[in-house]
Amino acid sequence: MVLCQDFTLHTHTNEFDGKNTAADMIAAARDAGFKTIGISNHFIVHPTINRTKLYGAAVAGGYQSMYSTSFSEALAKFQPHYEELMKLQDKNPDIRILRGMEVDFFPTSQWQDGFAHVCDVLRPDYLIGSAHFVEYGGTVCNVHDMAAVDAKTCDEMLKIYWQNIKNLAESGLFNWLAHLDLPKKKKLGTGKQWDTTKADVVATIARTKTPVEINTSGYKLGTGQPYPDDKIMKMIAEHNVPVLISDDAHHVNQIGMNMDWAYMQAQDCGIKNFPCLQKILDFRGKRL
Ligand SMILES: [Zn+2]
Ligand SMILES: [Zn+2]
């Protein structure tokens, strides 16, 4: 039984890169004591994504369906998925089911126009802003690609990464921001030299009043830290940035996992601003 929150909003299902069906994830959330579950599969649209190294890795792993080269392709995946979630809501009146998305934002007008149309059609309940990629050298790279290049190139990519996070906050499109220090997944960007950049990013997030998540999937790295780590959590506390706890569950066994632990760790860092579910759903400043 998870005590810190009665909702879990960052979850993935097997039509995208999750391992279980939405029906199974909903049942697992109910069993864990949640009153609300949000399903937030990846919304990733980039015209050249299928020509990247990371796409090849996704094909090998069988999870390439999370990537789309056009908005119509992504819409064709999300429409039946959202319809299924609405049917599941009818079948499961004892738990609230929300329709979310974990969105990779690309700051071009073409992307924003395409995304606006998608939101018009799908009417998602909430949007999670995320930066899994940096555009570098004419292609799209993820943290695995960043770990495979020389230190100087990697530093340039990390700078772009943190700028992406600022862009996410400044866009006003998102209910909250996902896993702030994701590059540490590959032990990148953890050195002291990045502290001022991180402080600057947190200041931007605070100014835009964007909430952030404490994401328990970070514990898988074995460093005892969620995303973001306690140094960033302390910066978040100083600015009183609103916080929610996410499990980023890709499997039924991950629903609610370590959420209470993360909540305690966040409190130890001085975080006090944990808004209720309705406030989180209302946070999105800009609706396209
Ligand atoms: Zn993510
Ligand atoms: Zn996720």
Roughly speaking, what is the stretch gain from residue 69 to residue 144, that is 0.36 nm per residue apart minus the C-alpha to C-alpha distance, in nm to one decimal? 24.9 nm
What is the percent carbon and sulfur in the accessible area of region 25-148, measuring with a 1.4 Å probe over the protein chains and ignoring ligands? 51 percent
Given region 133-250, what count of lysine pairs have C-alpha atoms under 17 Å apart, with each pair 8 or more places apart or on different chains? 29
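Return the Rg/Rh ratio of the chain with Cα-based radii and a Kirkwood Rh. Mind dumping the intermediate values first?
Details: Rg = 17.8 Å, Rh = 19.1 Å.
Ratio of gyration radius to Kirkwood radius: 0.93.
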Lys pairs in region 1-137 with Cα under 20 Å (8 or more apart in sequence, or on separate chains) total 4
Report the label-to-label distance for residue 195 and residue 163 in nanometres (one decimal), using points 7 Å from each Cα along the Cα→Cβ vector. 2.5 nm
I want the local charge near residue 229. Using Cβ-Cβ distances under 13 Å, sum +1 for each Lys or Arg and -1 for each Asp or Glu among the other residues. +3
What is the sum of charges around residue 247, taking Lys and Arg as +1, Asp and Glu as -1, for the other residues whose C-beta is under 12 Å from the C-beta of residue 247? -2
Excluding ligands, DNA and RNA, what is the solvent-accessible area per residue of region 114-260 at a probe of 1.4 Å, expressed in Å²? 39 Å²
Counting only protein heavy atoms and leaving out ligands, DNA and RNA, the solvent-accessible surface of residue 105 at a 1.4 Å probe, in Å² to the nearest 10, equals 20 Å²
Label point at residue 86 placed 7 Å out along Cα→Cβ; residues across region 117-131 whose backbone nitrogen lies under 17 Å: 118-126
Geometric extent, Cα atoms of region 1-145 - Rg, Dmax (angstrom): 15.9, 50
What distance in nm separates the two pseudo spin-label positions at residue 60 and residue 31, each 7 Å out from Cα along the beta-carbon direction? 3.3 nm
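In whole Å and largest first, what semi-axes does the C-alpha gyration tensor of region 185-288 yield when each eigenvalue is scaled by 5 and square-rooted?
20, 20, 13
The values are calculated or read from the model by the stated rules, or taken from the named source; none is laboratory data. The structure presented is a predicted model; accordingly, all values stated were derived computationally and were not measured. All Cβ positions, glycine included, derive from the backbone under ideal geometry; neighbour counts span all protein chains shown. To get the accessible areas, we keep the full protein, side chains included, count just its heavy atoms, and leave off ligands, DNA and RNA. Shrake-Rupley method; radii C 1.70, N 1.55, O 1.52, S 1.80 Å.
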